[in-house]
1. Carbon and sulfur together cover what percent of the accessible area of the chain at a 1.4 Å probe radius?
2. Where a Cα-Cα gap under 17 Å defines reach, which aspartates and glutamates qualify for K120, not counting those fewer than 8 residues away within the same chain?
3. Show me the trypsin sites (Lys or Arg not before Pro) within region 112-147 that DSSP assigns to loop and that have at most 15 other Cβ atoms within 10 Å of their Cβ.
4. Counting pairs of Cα atoms in region 73-141, how many percent are more than 13 Å apart?
5. What's the long-distance tail for region 121-263, i.e. % of Cα pairs beyond 17 Å?
6. With everything on Cα atoms, drop me the angle between helix 2-14 and the longest principal axis of the chain, reported from 0 to 90° to the nearest 10.
7. Arrange the residues L176, L65 by how much accessible surface each exposes, largest first, with a 1.4 angstrom probe.
8. Strictly over 32 Å apart at the Cα level, which of K106/K238; K153/K217; K188/K262; K122/K217; K183/K262 would you flag in this model?
Amino acid sequence: MKLVLCILYLFIYSSLSHSNEITFDISTYEYEEVNTSTGGTYFMSDKSNPVFASIGIRNWDEGILNKYKSMLLENYHLLYTYEFTRGDVEYNSASSGTLDRRPYFKNRIEGYIARSINKKLKLFVGVGFRSLQDEGGGNRSSSGGKFYDRHSKYLYYPLGFIYNYKSWSLKSQYNLWGEGKQKSFLGKEDSTYLDPENTQNYGYGFDFTLRKKVTEKISIYLFDRYWSVDDSDWRNGKKDQSAIVQEPQNETFELGGGISYKF
């Protein structure tokens, strides 16, 4: 509900600016887990099958609420990004077989305070929230292993810059980790299990977007994103307390491109 209210807030106030962009893109996605207890050996991976599709809205230029800024704030801008992604993933595991397809959803929302250094360069700092919904419950792998629904939430702090040169722009950011929560709905698939929520205390990410203005309204862009997240804490996984569970160290790679329309 908090995420929905935040998105509605951005939509309402973004109408006060004329530099908002609707975005449409496709991307490849790969998520890989490793087992640190065995020296970082491969454990499992999810790969987009075939691609993910996203729709979003953003303002990386003038920002919102410009009409209400004083002269002292003329070099500061309130920018934002929101994106919803849908796709299917292919599962491959070193121990529990494969599964060709299961649904996957992502939400990403970021807000930034940017400072214009000159006409070409802005520096920014912000806050971001990323949620993932892996709807695998009810499926079985090729070896008979049970899948379960898993929901992830990441809080992080983007630090970066936006550089404009003629019809080109580059947005580059480092994502400073805040906190991660990973909830596994094991009890939905097996009544002897609980639905543990693991905390991920450390990670980091990078995000690069290269944009080319085609007309005053239309742009095309390419992006590359990366996440690295350490092992989570351990939580009790069964009602009789006979098992503990952990989210392993993992990496995520995303590469894609799209088109945007400014309104």
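1. Working: 8140 of 13540 Å².
So the carbon and sulfur contribution to the accessible surface is 60 percent.
2. Cα-Cα hits under 17 Å: D61, E62, E74.
3. Working: sites: R115, K119, K120, K122, R130, R140, K146; in loops: K119, K120.
Filter output for region 112-147: K119, K120.
4. Working: 1713 of 2346 pairs.
Distances greater than 13 Å cover 73 percent of the Cα pairs.
5. Values: 7042 of 10153 pairs.
Considering region 121-263, 69 percent of its Cα-Cα pairs are separated by more than 17 Å.
6. Roughly 20 degrees, rounded to the nearest 10.
7. Values: L176 80, L65 40 Å².
Accessible-area ranking of L176, L65, largest first: L176, L65.
8. Working: K106/K238 28 Å; K153/K217 34 Å; K188/K262 44 Å; K122/K217 21 Å; K183/K262 37 Å.
Beyond 32 Å: K153/K217; K188/K262; K183/K262.
The values are calculated or read from the model by the stated rules, or taken from the named source; none is laboratory data. Everything quoted here is computed from the prediction, not taken from an experiment. Glycine gets a Cβ as well: all are built from the backbone with ideal geometry, and neighbour counts include every protein chain shown. Quick note on the areas: whole protein, heavy atoms, side chains included, nothing else; ligands and nucleic acids left out. Shrake-Rupley method; radii C 1.70, N 1.55, O 1.52, S 1.80 Å.
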